[in-house]
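The values are calculated or read from the model by the stated rules, or taken from the named source; none is laboratory data. The shown structure was predicted, so the numbers you read here are calculated from the model rather than taken from an experiment. When we count neighbours, we look across all protein chains shown, and the Cβ atoms used for this are built from the backbone with ideal geometry, even at glycine. Remember, those area values only see protein heavy atoms, side chains included, never the ligands or the DNA or RNA. Shrake-Rupley method; radii C 1.70, N 1.55, O 1.52, S 1.80 Å.
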Amino acid sequence: MHGIHLISNGRLTEQHMQLVSEQIAQINYIHLREKTKTAKEILEMIDFLLEAGVPAERIIINDRVDVASIKKCCGVQLAYHSIPVADVKRSFPALRIGKSVHSLEEAITAEHNGADFLIYGHIFSSNSKPGLEPRGITALADVTKNVSIPVIAIGGITLQNMNQVQEVGASGVAIMSGVWDAEDPTEAIKCYRQALDSRVGE
């Protein structure tokens, strides 16, 4: 589960999904995080990506275990309001299970319950979390040191601070506004990839 996790912003257009298909070589996983869409609409989005050449093993669905299972996607990303990790693990053993966590205690519990990877944050100040204090690099380091599954850092990840999250043991980064709000999303994806690869090559 290492690398770049591109998270949809709830406003994906057909043009955005075409961009994902064209840049899939630069992205490790695309997360469909479309909270306002119906199951049918998410199924249609997955079909579009699959027909455009995005492999099912690169697609992760937020919350909707049923949709992820039906389409044989890589996995599902669970939030605090989702079905518990242990229940999903027991009923859908083929899915990789990600769990969004916000504390060391939550991270340890999620691993104990069978999560395959964690998304932890928000690490830095983020436009999607206005007014909320970021958890910071030290807290991220505590999580990566105390769990054995991959930890993906989320929240305010930029080209300038990517190396900080990698230095403390994060297995990857989750990016949303850094791509979707960029003037040139294609170029943004390429720059994130180069920044990640340059660090890995050191």
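Could you sort out which of 72/145; 145/190; 35/72; 40/99; 89/145; 71/145 sit more than 28 Å apart by Cα distance in this structure?
Among 72/145; 145/190; 35/72; 40/99; 89/145; 71/145, the Cα-Cα distance tops 28 Å for 72/145; 145/190; 71/145.
For 117, 92, 124, give the ranking by accessible area with the largest first, probe 1.4 Å. Can you show the working numbers first?
On the way: 117 0, 92 65, 124 40 Å².
Highest to lowest solvent-accessible surface, that is 92, 124, 117.
Can you give the calculated 222 nm mean residue ellipticity of the chain, where each DSSP H run of n ≥ 4 adds -39,500 (n - 2.57) and the sum is split over every residue, rounded to the nearest 500 deg cm²/dmol? Don't skip to the answer; put the middle values down first.
Values: 9 runs with 81 residues, N = 202.
Roughly -11500 deg cm²/dmol at 222 nm, from the helical runs in the chain.
Could you order 1, 176 so the one with the most accessible surface comes first? Probe is 1.4 Å. Kindly include the intermediate steps, with their values, before the conclusion.
Values: 1 20, 176 50 Å².
Per-residue accessible area, sorted high to low, gives 176, 1.
Which of these values of log10 I(q)/I(0) by the Debye sum over Cα atoms at q = 0.11, 0.14, 0.18 Å⁻¹ was calculated from the structure shown: (i) -0.64, -0.92, -1.33; (ii) -0.54, -0.84, -1.24; (iii) -0.47, -0.78, -1.33?
(iii)
Using 1/(1 + (r/R0)^6) with R0 = 35 angstrom and r between the beta carbons of residue 13 and residue 113, what's the FRET efficiency to the nearest 0.05?
Working: r = 36 Å, r/R0 = 1.02.
It comes to 0.45.
Can you compute 3J(HN,Hα) from phi for each residue in the stretch 3-14, using the Karplus curve 6.51 cos²θ - 1.76 cosθ + 1.60 with θ = phi - 60°, rounded to whole Hz and x for Gly and Pro?
x, 9, 10, 8, 9, 5, 9, x, 10, 5, 9, 4
Where nothing but the Cβ of Lys and Arg (+1) and of Asp and Glu (-1) is charged, how large is the charge dipole of the stretch 1-130 around its Cα centre, in debye to the nearest 20?
Values: 14 positive and 15 negative charges, 28 e Å.
Taking the Cα centre of the stretch 1-130 as origin, the dipole is about 140 debye.
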